[in-house]
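Report on one structure; see the data block that follows.
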Amino acid sequence: MMNKRSAIQIMAASAFAVGAGGWLSGCSESKPQFSSVDVTGASYAKDFELTDHHGKVRRLADFKGKVVVMFFGYTQCPDVCPTSMTELAQVKKALGADGDKLQGLFVTVDPARDTPEVLKGYMENFDPSFLALYATPDKLAELAKDFKVYFKRVDGQTPTSYTMDHSAGSYIYDARGNLRLFARYGSGVQVLAADIAQLIRSVP
């Protein structure tokens, strides 16, 4: 039969073990919890070579030190594209002083109509620091395959009144240029701002 002294010793040892466990878990590095889809370590969408609306060739390394949000769309899109870019501009404002650490990129899937001048005007509707990127049709097809992005022309009543079906979502890279998240369309400003803020804080 266990005496009173032995019982007290066991209780004390158990209490210490629980306390130590809590202390150790509190000091260990916890994995960030994102609302967007965590695609860290993905083998696709690692880089690109596109021309921006200023005529400068851009690669992912050009934006090192910033969290990059990359969206595929076209300027005549009636809903998904302007909504996504408006939300991203609002996210930048919501980040406050850290807003300068966010780089928005818009890749057109309609280079035939989205000329550099059109793209420049389109970006100015949202945020002047955002860049629109384009490529030749052949290179765009290769890029879409590498990024697992879907787009297809849907003919209209006239040769120039066509629309473009396309994927609706954004790739998010951390400040080291690593693909980390895929944000679904309609995630909302608060969700995106929270996820991007975590990525900004994760890099010293």
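Taking the criterion of being without any contact (Cβ under 8 Å) to a residue 40 or more places away in the chain, acidic (D, E) and assigned to a helix (DSSP H, G or I), the residues of the stretch 135-158 that qualify are D138, E142. Of the residues in the stretch 109-123, how many are in a loop (DSSP other than H, G, I, E, B) and of a type in the set (K, R)? Residues that pass the stated criteria total 1.
Looking across the stretch 81-108, the residues that are of a type in the set (A, V, I, L, M) and assigned to a helix (DSSP H, G or I) come down to M85, L88, A89, V91, A94, A97. Can you tell me which residue is farthest from I196 (Cα to Cα) among those in the stretch 42-80 that are part of a helix (DSSP H, G or I) and in contact (Cβ under 8 Å) with a residue 24 or more places away in the chain? Within the stretch 42-80, the match that is farthest from I196 (Cα to Cα) is V80.
Which one of S161, S170 is without any contact (Cβ under 8 Å) to a residue 24 or more places away in the chain and among the hydroxyl-bearing types (S, T, Y)? Reasoning before the result, please.
Values: S170 fails: without any contact (Cβ under 8 Å) to a residue 24 or more places away in the chain.
After applying the criteria, what remains is S161.
Of all residues in the stretch 159-181, those satisfying the criterion of being in a loop (DSSP other than H, G, I, E, B) and either surrounded by 13 or more Cβ atoms within 10 Å (Cβ to Cβ) or modelled with pLDDT under 95 (or both) are P159, T160, S161, Y162, S167, A168, D174, A175, G177, N178. Residue check: is A97 hydrophobic (A, V, I, L, M, F, W, C), modelled with pLDDT of 95 or more, within 17 Å of I196 (Cα to Cα) and exposed (fewer than 11 other Cβ atoms within 10 Å of the Cβ)? Spelling it out, A97 is indeed hydrophobic (A, V, I, L, M, F, W, C), modelled with pLDDT of 95 or more, within 17 Å of I196 (Cα to Cα) and exposed (fewer than 11 other Cβ atoms within 10 Å of the Cβ). Close Cβ contacts (under 7 Å, 6 or more residues apart or on different chains) running from residues in the stretch 114-134 that are assigned by TED's automatic domain parsing to the domain that holds V67 and farther than 8 Å from H53 by Cβ to residues that are at pLDDT 95 or above and part of a loop (DSSP other than H, G, I, E, B) comprise D114/Y74; D114/T75; V118/T75; Y122/T75. Taking first residues from the stretch 182-203 that are part of a loop (DSSP other than H, G, I, E, B) and partners that are among the hydrophobic types (A, V, I, L, M, F, W, C), the Cβ contacts under 7 Å between residues at least 6 apart in sequence or on separate chains come to Y185/V80; Y185/A168; V203/A175. Of all residues in the stretch 59-74, none satisfies the criterion of being within 25 Å of K152 (Cβ to Cβ) and surrounded by fewer than 21 Cβ atoms within 10 Å (Cβ to Cβ).
The values are calculated or read from the model by the stated rules, or taken from the named source; none is laboratory data. Remember, it's a predicted structure, so these values are computed and weren't measured experimentally. Cβ coordinates were reconstructed from backbone atoms using ideal geometry, including for glycine residues, and neighbour counts include every protein chain displayed.
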